[in-house]
Amino acid sequence: MDFQDLLLRYFGKTEIEDVEPGALGAGLEHMRVDLGLTTDPGNRFALWTLMYMLGGAPGLDVAFKDPTERDAARNFMDMADRLSEE
């Protein structure tokens, strides 16, 4: 999944700074639904990471039943948090 494709699909914009605050909540809700329906692990991870970066991701135990996928998400969270501290 391409980042700009995800933005266009869920928010109607290809640049994150162009997403209006009202559209953010609606887009995140649409992403939650798709996350629940998507079975492809790569697509689920892509959705979850974007949701995490936007502050709307479900908990790891809810989003990922597989321990390996939870660990990958936890590693992503740690990496993203380290980058935001810089």
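Readers should treat all values here as calculations from the given coordinates under stated rules, not as data from a laboratory. Everything numeric in this text was worked out from a predicted model, so none of it was measured. Cβ placement follows ideal geometry from the backbone for every residue including glycine, while neighbour counts extend to all protein chains displayed.
What the Cβ-Cβ distance of THR68 and ASP40 gives, at R0 = 22 Å and to the nearest 0.05, is a FRET efficiency of 0.90.
Under the simplified labelling scheme, the ASP81-GLU29 pair shows an inter-label distance of 3.0 nm, with each label point 7 Å from Cα along Cα→Cβ. With unit charges on the beta carbons (Lys and Arg positive, Asp and Glu negative) and the dipole taken about the Cα centre of segment 3-85, which residue among VAL62, ALA26, ALA46 sits farthest to the positive side? Of the options given, the answer is VAL62.
Give me the extension gain from MET53 to GLN4: residue separation times 0.36 nm, minus the current Cα-Cα distance, reported in nm with one decimal. Walk me through the numbers before you get to the answer.
Numbers: separation 49, 0.36 × 49 = 17.64 nm, distance 1.41 nm.
In short, 16.2 nm is gained.
Determine the calculated [θ] at 222 nm for the chain from helices alone, applying -39500 (n - 2.57) to every DSSP H run no shorter than 4 residues and normalising by the residue count; nearest 500 deg cm²/dmol. All intermediate terms of the calculation are to be shown ahead of the outcome.
Details: 5 runs with 62 residues, N = 86.
Helix contribution divided over all residues of the chain: -22500 deg cm²/dmol.
Once you keep just the Cα pairs under 8 angstrom separated by 6 or more residues, what percentage relative contact order results for segment 3-85? Working shown, then result.
On the way: 48 pairs, mean separation 14.1, N = 83.
It comes to 17 percent, rounded to a whole number.
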